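What follows is a single structure, written as structure tokens, with notes after it.
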Ligand SMILES: *[C@@H]1O[C@H](CO)[C@@H](O)[C@H](O)[C@H]1NC(C)=O
């Protein structure tokens with residue numbers, strides 16, 4: 001824990017979400033149900049795609065990778081939050097806090113690049129259908145995956161490099177339920193203006209940038225679909241509206257956190273729950289329940305699981 005060498009703060013205290021017992025109980029039930037649902041739904045998607053050879057196509061591989069990342073999105077802050085709900089003193093060690101921020105940004109970066117790769121995949125499938133297999137070949141898929149993980153790691157390391165050695169000497173209370181940069185740097189006993197700018201420039205830029213790239217690519221796809229209006233276009237529209245829903249729900253809260261000047265409202269805590277608990281569940285629901293192929297494959301996997309248990 002070398003970051004704590006020149007600071008007296010060795011742990012942080014979360015204020016949590018609320019003091020009302022009823023709200024805590026409600027959040028406990030709500031978050032636990034969603035956490036379990038997300039872990040089961042996303043594991044089922046990964047397992048189904050890997051085990052069914054008919055789903056071995058770029059779209060499903062990217063979907064399985066997104067589900068894999070969603071397992072991380074669910075696990076990086078909500079188990080600790082659920083565990084903390086009924087604790088009087090919600091403490092988190094300095095190292096734990098740094099680790100949590102590190103993983104939040106790795107996972108967030110990977111998820112963004114994967115969403116862009118999925119948009120690109122739909123763009124090629126819809127706008128250049130004859131070249132789909134040539135363009136989205138296995139090498140390109142691997143390239144997207146490697147790029148996603150590298151960008152996630154670099155994005156996270158760059159920001160963490162600025163904050164691991166910050167001196168902390170004063171208050172150690174975070175009005176939140178997880179560690180993240182905007183509130184964390186405010187506690188350092190040094191001039192934090194430049195650091196806040198760095199966070200806005202890095203996390204803010206990456207989230208606003210990816211959001212616009214995605215929205216523009218969906219607009220291009222929609223315009224193309226409308227021009228060649230045919231039987232396939234309503235199916236394409238339903239896939240696209242699913243993607244756009246995920247993108248808006250995922251990026252809305254993030255853009256709010258990293259570009260809003262002062263995180264002081266209650267609103268951002270509840271938006272944070274939204275990103276941590278709700279979006280990882282929405283992905284499997286939105287992508288799967290509208291997709292016949294996926295539904296059939298999942299039913300088969302479930303039957304196999306039940307049968308193998310009987311033997
Ligand atoms: C991610 O995608 C690659 C191919 O692009 C695939 O081989 C791999 O199984 C996928 N990973 C998961 C966890 O689904």
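Taken together, the values in this text are just the output of simple stated rules run on the coordinates, not laboratory data. This structure is a prediction, so every number in the text was calculated from the model and none was measured. With ideal geometry, Cβ positions are generated from the backbone for all residues, glycine too; neighbour counts draw on all protein chains shown.
For the reader, a short list of remarks on this structure follows.
- Cα gyration tensor category, rounded, prolate or oblate, for the chain with a/c compared to 1.5: prolate
- The relative contact order of the chain comes to 26 percent, based on Cα pairs under 8 Å that sit 6 or more residues apart.
- Taken as Cα centroids, the range 69-91 and the range 180-238 sit 25 Å apart, rounded to the nearest whole angstrom.
- Cα-based shape type of the range 155-231, given that a ≥ b ≥ c are square roots of the gyration tensor eigenvalues and the cut on a/c is 1.5: prolate
- Between helix 94-127 and the chain there is an angle of about 20 degrees, using the helix long axis and the longest principal axis of the Cα atoms.
- Packing, as the average of other Cβ atoms within 10 Å across residues, places the peptides 101-113, 238-250, 182-194 in the order 101-113, 238-250, 182-194, highest first.
- Segments 172-179, 279-286, 23-30 sorted - mean Cβ within 10 Å per residue, highest first: 279-286, 172-179, 23-30
- Using alpha-carbon coordinates, inclination of helix 21-51 to the longest axis of the chain, degrees: 40
- Prolate/oblate/rounded call for the range 2-69, Cα gyration tensor, a/c under 1.5 rounded: oblate
- For the chain, the longest principal axis of the C-alpha atoms and the axis of helix 138-163 are separated by about 10°.
- Ordering of 151-158, 133-140 by burial proxy (mean other Cβ atoms within 10 Å per residue, highest first): 151-158, 133-140
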